[in-house]
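The values are calculated or read from the model by the stated rules, or taken from the named source; none is laboratory data. All values derive from a computational prediction rather than experimental measurement. Methodologically, a virtual Cβ is constructed for each residue, glycine included, from the backbone with ideal geometry; neighbour enumeration extends over all protein chains shown. Protein only, heavy atoms only, side chains kept; ligands, DNA and RNA dropped before computing areas. Shrake-Rupley method; radii C 1.70, N 1.55, O 1.52, S 1.80 Å.
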Amino acid sequence: SRPPQGRGACGGPTAVSRSPATPPPGSWSARGRLHRPRPCSMPPKKDNKKDAKKDVVQEVATLYVRREPLPPREQPDAADCADAWKTVRGMYAMPFPDWDDKAVDVTEWKPNETETLFSSMEFAAKMLPKPFQQCMTTWRRAPVATDPAAAEEAEPQAEPVPEVEEPPPEPDPKAKAKAKADAKAKAKAKGKAAAEEVDPNAKPTTAQQFAEVNYEGDACVVTPQEFRTREFQLTNDDASPPLSQAIAAQFAVISEHRELIPRGQYLWEQIFPQGEDGFPLFNPHGKYIVRLFLHGKWRQVMIDDIVPVGVASNTQSPSAPVLPASVAPNTLWPQLLSKALLRAFQTDLKSMTLPVVSALT
């Protein structure tokens, strides 16, 4: 119920004075609304249980064992680092000299030295692809590759290429302009004396070195029939690595165009030493030079006759050449050419495609 209102002298409602202050709680407003006290906003109480949980450290069971720090590594020798860098540089730079008939003719072949055979240190067996290495069991000399009782050879390892000495600077031509006449006269006199006398320091030629060869075996680079007819037949083994099959296939491509290839540039005719008739000679010392067309020029690739040996699926023999081989027994030219190609392209062997045709023709 509303409270009674006062009346004035004229019977009307008396005026009620209103103060700007907030009316007391529980009183009625002019509009008939009851004033109720508002609740005070107080900060929340702290939960002591949560703080107690934070202080508790949970132990986690783990198998982790902290390792002791490794000792500091020893600093490598500067000479060893230089040799390793030079080895990689030599493998990628492929410093093959340009072809020179005179230099190859006077190469030291040593055909009568059979106790210490030649070994090339410019080829690394680790560069071969994995499928090729899985087919290998050991390394042997090509003439005795199929002989299980033959001695095994160490795996080829590349060594740093020897430093090439830079030629001395050419003298100033103006400084020696006055002595040209005297020099020409002396050169003519020396030429006449050289024609009359033989130079004792001259290197023996290939014909002179192979004039007295004491080898009595059956091994040969190429048979006379193959050399005369330019026809050959290679062994066919489906289990041989893809790299060997690719090389053999390109040998067959070259054979199909044998009539178009000039004399002196057909497969085995690129192998040296050679006789006066161009027939490749077997070197008991195991040193050969193969002429390959690399980087736009004919170049010399020196190799040895150490070849990989594995197991052949068609014969089940533990001693079968992994590289392409000729059906003719004791014929080495396919393995020698393949070894030269591996040496020349040893940084690209994982691509499984070698430019055999362009390198041999």
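Kindly indicate the residue of region 111-149 that is outside any loop (DSSP other than H, G, I, E, B) and among the polar types (S, T, N, Q) and also most open to solvent (accessible area, probe 1.4 Å) among those meeting that condition.
Ranking the candidates gives GLN134 first.
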Note on GLY296: of the conditions (1) without any contact (Cβ under 8 Å) to a residue 24 or more places away in the chain; (2) farther than 14 Å from TRP268 by Cα; (3) open to solvent by less than 50 Å² (accessible area, probe 1.4 Å), unmet is (3)
Only one of PRO308, PRO241 is touching a helix residue (DSSP H, G or I) at 6+ places or on another chain (Cβ under 7 Å) and either open to solvent by less than 40 Å² (accessible area, probe 1.4 Å) or modelled with pLDDT of 95 or more (or both); which? PRO241
Positions within region 151-172 being at pLDDT 90 or above and over 28 Å from the mean Cα position of the chain (by Cα), in sequence order: ALA151
Does ALA175 meet the test of being part of a loop (DSSP other than H, G, I, E, B) and modelled with pLDDT of 85 or more? no
Criterion (closer than 17 Å to VAL104 by Cβ and not aliphatic (A, V, I, L, M)) met by exactly one of PHE227, PHE251, PHE232, PHE210: PHE210
Does THR347 qualify as being under 29 Å from the mean Cα position of the chain (by Cα), more than 25 Å from ARG228 (Cα to Cα), in a loop (DSSP other than H, G, I, E, B) and touching a residue at least 24 places away in the same chain (Cβ under 8 Å)? no
